[in-house]
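Engineer: Have a look at this one.
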Amino acid sequence: MSTVAAVLVFGFAGLATLGVPFAIAIAAATAAVLIVGDIEPAFLAQQIIAGAQSFSLLAIPLFMLAGALMSAGGLSQRLIDVASVLVRHRTGGLAMVTVLAALVFSAISGSAPATTAAIGTILIPAMVRAGYDRAFAAAIAVSSGVLGPLIPPSIAFVIWGIVAEQSIGRLFLSGIVPGLAIAAGLLVVCWFHARRAGVPRERAATWPEMWRAFAAGRWALLSPVLVLGGIYGGIFTPTEAAGMSCLYAVAIGIFVERRLTLAALPGIFLGAARTSAMVTAIVAVSTGFGVIVAQEQMAVKFASWLADSVDQRWIALAGLNVAFFLLAAVMDEIAIMVILGPLLIAIGNRFGVDPIHFGAIIVTNVSIGMAAPPIGYCLFIGMAISGLSLGRIARAIWPQIVVMLIVLFLTTYIPQFALMFQPAR
């Protein structure tokens, strides 16, 4: 390993271990390399500007803003009402409402934390009142939030599309079946938990109640149709679709639902800006990091070593999944995709994995990381809503993690699982 590579790898790892924010750790390690390698200091500034100028990157703050606007405007409650009239009378019905509402809200926000917050804030207290264990209620809300990065449109797929230079629209489609499979598995977990815990079933909705719920929720249900129909109908790009989502959320929240006020908009905009700034900062500073990794051929050399050491693709993918799961448990998921992107792409190319299929594997791993102890983002949101410790939620979420790992196995070893809805080339 060259001096430059050593400074880059061990410098970043050391700073991250000390708890330095990932964006700062990446920038500091890259700056150290400039000094050691006698590289022009302006290189880092140029790469940060270049990394932040991607048009597709604009979709991230816009989708985050759209999710916040729809939550504040009452559309998340409408989705919950629709899901409730469909399944609340089943064994585990209210927990199933959480999964189904998250499934639809994911097609609006594209974000795991936003989905967990929007759905969990309403349904965690409701499940506790209905007789569910508080830890399970928090765990099912957290695990349902994992659908956010998989169901299109997805912020995680936008980031991977930028990193891997792949079609974001095709990557969106690769998450549909894994996302639906996780949702189905979570519904089964809800049924078993409610049956074992003896949670009473609620009254079935009448036809008039169903009609009223769907009539009131039609604007919320129309949003994913508008966004995805526009993208795949060729009307607008994913970034433009995110902008349309924001305009739609403001219009419906103010003029139809009338729960959103002009006075509330600055606070909502500021909250979305703060969240997206962290993501954008990591992506921007990682551009210079990635250029140095490419110059040193670290990714290519590691992929060659792996191919020489492991001659079976299924073993290499299994090792990749294990490593990804362990990293996601202790490291920011977006940082993993951006920092390790060149390495991951080199491995995928070396073993002949379809790039869209490989993207589905990566984002499914990222999604699991959002709920995996100890630092999954959604876990902390569940803690804040439920008032429980990390340990209690972590113990309750393992059945859901097992479901996700089964889906990851299917996604990894059955390519058609991710490529089912891909258009003909």
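The values are calculated or read from the model by the stated rules, or taken from the named source; none is laboratory data. Please read all numbers here as calculations on a predicted model, not as lab measurements. Positions of Cβ are backbone-derived with ideal geometry, glycine not excepted, and every protein chain shown enters the neighbour counts.
Engineer: Can you work out which of the residues in the stretch 312-340 that are among the small types (G, A, S) and farther than 23 Å from L147 by Cβ is modelled with the lowest pLDDT?
Structural biologist: My answer is A323.
Engineer: Return the residue satisfying two criteria in turn: it lies in the stretch 78-126 and is in contact with a Ser or Thr (Cβ under 6 Å, 6 or more places away or on another chain) and among the hydroxyl-bearing types (S, T, Y), and of such residues it is surrounded by the most Cβ atoms within 10 Å (Cβ to Cβ).
Structural biologist: T115
Engineer: Do you know which of the residues in the stretch 238-251 that are touching a residue at least 24 places away in the same chain (Cβ under 8 Å) and more than 17 Å from V104 (Cα to Cα) is surrounded by the most Cβ atoms within 10 Å (Cβ to Cβ)?
Structural biologist: Among residues in the stretch 238-251 that are touching a residue at least 24 places away in the same chain (Cβ under 8 Å) and more than 17 Å from V104 (Cα to Cα), the one surrounded by the most Cβ atoms within 10 Å (Cβ to Cβ) is P238.
Engineer: Filter the stretch 158-210 for residues that are over 15 Å from L94 (Cβ atoms) and among the acidic types (D, E) and give the result.
Structural biologist: Result: E165, E209.
Engineer: Just name the residue that is farthest from M70 (Cα to Cα) out of those in the stretch 222-236 that are touching a residue at least 60 places away in the same chain (Cβ under 8 Å) and crowded, with 17+ Cβ neighbours inside 10 Å.
Structural biologist: Taking the stretch 222-236 and keeping what is touching a residue at least 60 places away in the same chain (Cβ under 8 Å), we get 223-224, 227-228, 231-232.
Filter again for crowded, with 17+ Cβ neighbours inside 10 Å, leaving 223-224, 227-228, 231.
Details: S223: 10, P224: 12, V227: 14, L228: 16, I231: 20 Å.
Once the filter is applied, the top-ranked residue is I231.
Engineer: Could you tell me which numbered condition I235 fails, if it satisfies all but one of (1) part of a helix (DSSP H, G or I); (2) at pLDDT 80 or above; (3) touching a helix residue (DSSP H, G or I) at 6+ places or on another chain (Cβ under 8 Å)?
Structural biologist: It fails just one condition, (1).
Engineer: If V199 satisfies all but one of (1) among the β-branched types (V, I, T); (2) assigned to a helix (DSSP H, G or I); (3) surrounded by 21 or more Cβ atoms within 10 Å (Cβ to Cβ), what's the number of the condition it fails?
Structural biologist: (2)
Engineer: Please tell me if A194 is out of contact with any Leu (no Cβ under 8 Å at 6 or more places or on another chain), more than 29 Å from G243 (Cα to Cα) and in a loop (DSSP other than H, G, I, E, B).
Structural biologist: Here the answer is no, as A194 does not meet what is asked.
Engineer: Kindly provide the set of residues from the stretch 357-383 that are closer than 15 Å to A114 by Cβ and out of contact with any Pro (no Cβ under 9 Å at 6 or more places or on another chain), ordered by number.
Structural biologist: A371, G376, G382
Engineer: What number goes with the only condition from (1) modelled with pLDDT under 70; (2) surrounded by fewer than 16 Cβ atoms within 10 Å (Cβ to Cβ); (3) not aromatic (F, W, Y) that S309 does not pass?
Structural biologist: The number of the failed condition is (1).
Engineer: Filter the stretch 360-380 down to residues that are within 11 Å of the chain's Cα centre (by Cα) and without any contact (Cβ under 8 Å) to a residue 60 or more places away in the chain and give me whichever is farthest from L419 (Cα to Cα).
Structural biologist: G369
Engineer: While we're looking at this one, here's another question. Since G352 meets every condition but one in (1) without any contact (Cβ under 8 Å) to a residue 40 or more places away in the chain; (2) part of a loop (DSSP other than H, G, I, E, B); (3) surrounded by 16 or more Cβ atoms within 10 Å (Cβ to Cβ), which condition does it not meet?
Structural biologist: (3)
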